[in-house]
Amino acid sequence: MALNLVYKDTSIHSLLELGISGHYPLFNEQWIYQGMAHKERHLTKRDRLKVKDIINRLNRHRGIERKKIILMEMKEEDRTLFVRVFLELVEHKIIDKRPGLH
């Protein structure tokens, strides 16, 4: 799986669980639409490493509001990439929990 490098990071599991139920506390609606709009491009190893770095930066802060500020302050292309990968991870988690969806 192309997302393996990011997915192994256990620090985002609680946010992924919230995403499964449709709750995305880190993102505003516009970011989600932007992330979904860029799904046609394949992820490179560089993209996955960049997302891993973003996750590490977010992990340095405990509160959701501080994490959200980090996302607001980063370049739009990096944030869009992170949102895209995050949404794909949520999608994979949903499919993993419901094997009948394969």
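Computed from the coordinates by the stated procedures, all read-outs in this text should not be read as laboratory data. Please read these numbers as outputs of a predicted model, since none were measured by experiment. Here Cβ is always computed from backbone atoms with ideal geometry, including for glycine, and neighbour counts include all displayed protein chains.
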Local electrostatic count, Leu87, Cβ distance below 11 Å [Lys/Arg +1, Asp/Glu -1] | +1
The chain: relative contact order from alpha carbon pairs under 8 Å, six or more residues apart, as a whole percent, is 44 percent
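Determine the dipole magnitude for the chain: charges of +1 sit on the beta-carbon of Lys and Arg, -1 on that of Asp and Glu, nothing else is charged, the reference point is the Cα centre, and the result goes in debye to the nearest 20. Each step should come with its number before you reach the end.
Numbers: 20 positive and 14 negative charges, 70 e Å.
It works out to roughly 340 debye.
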